[in-house]
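Step one of this worksheet: look at the structure below.
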């Protein structure tokens, strides 16, 4: 069975969501189903059908999260001695040499990637180009819009 890397923070977020689903949302939807059943004929009971559909979504999400956690290799980047190199979980500050703008990314697992929060997947072209590099290194990345060159200004493990 193949393990997928996940940051400690990402695993904690999934565990919190799983706990919320199991301890709050699942009991609430069960109560809603019971209440809707009490109203009589289930064939024409929209509340019952809506609650059952919601229950299906909740149960599906619970199974999804449990599967992700069971296949996760949780990595606490603060406990890894990487010697200043870019590794999974590291936060990297880059200087785009084409635009002179700084960009900060954290390299995370596939399920944690979120560009709005500057978290890029370890499988992304940018992350693959950065892994193994150190502060001061320059990285060239081929993109559809042309070659982008970056200088690694800082590598943090937080």
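Numbers at a glance
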quantity	calculated
Packing-based ranking, highest mean first, of 140-151, 7-18, 68-79 given that Cβ atoms within 10 Å are counted	7-18, 68-79, 140-151
Helical mean residue ellipticity (222 nm; -39500 (n - 2.57) per DSSP H run of 4+; nearest 500) of the chain	-11500 deg cm²/dmol
Sequence-separation-based contact order of the chain, relative, with Cα cut under 8 Å and 6+ spacing, percent	23
The stretch 4-75 pair-distance distribution - Cα-Cα, 10 Å bins, rounded %	20, 38, 23, 14, 6, 0
Sites residue 93 and residue 35, calculated FRET efficiency, Cβ-Cβ separation with R0 41 Å, nearest 0.05	0.15
Pairwise label distance in nanometres, residue 47 with residue 143, each label 7 Å out on the Cα-Cβ vector	5.3
Rounded to 10°, Cα long-axis angle of helix 46-70 versus longest principal axis of the chain	40
Percentage relative contact order, the stretch 71-158, counting C-alpha pairs under 8 Å, at least six apart	34
Percent of beta bridges antiparallel (DSSP, the stretch 77-156, rounded to nearest 5)	85
Radius of gyration and maximum dimension Dmax of the chain, Cα, Å	22.0, 71
Calculated diffusion of the stretch 95-134, Stokes-Einstein form, Kirkwood radius summed over Cα pairs, 20 °C and 1.002 mPa s, µm²/s	200
Cubic angstrom per residue, convex hull over Cα atoms of the stretch 77-156	89
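Throughout, read-outs are computed from the coordinates displayed, never taken from laboratory work. Because the structure is predicted, anything quoted here is derived from the model rather than measured. Here Cβ is always computed from backbone atoms with ideal geometry, including for glycine, and neighbour counts include all displayed protein chains.
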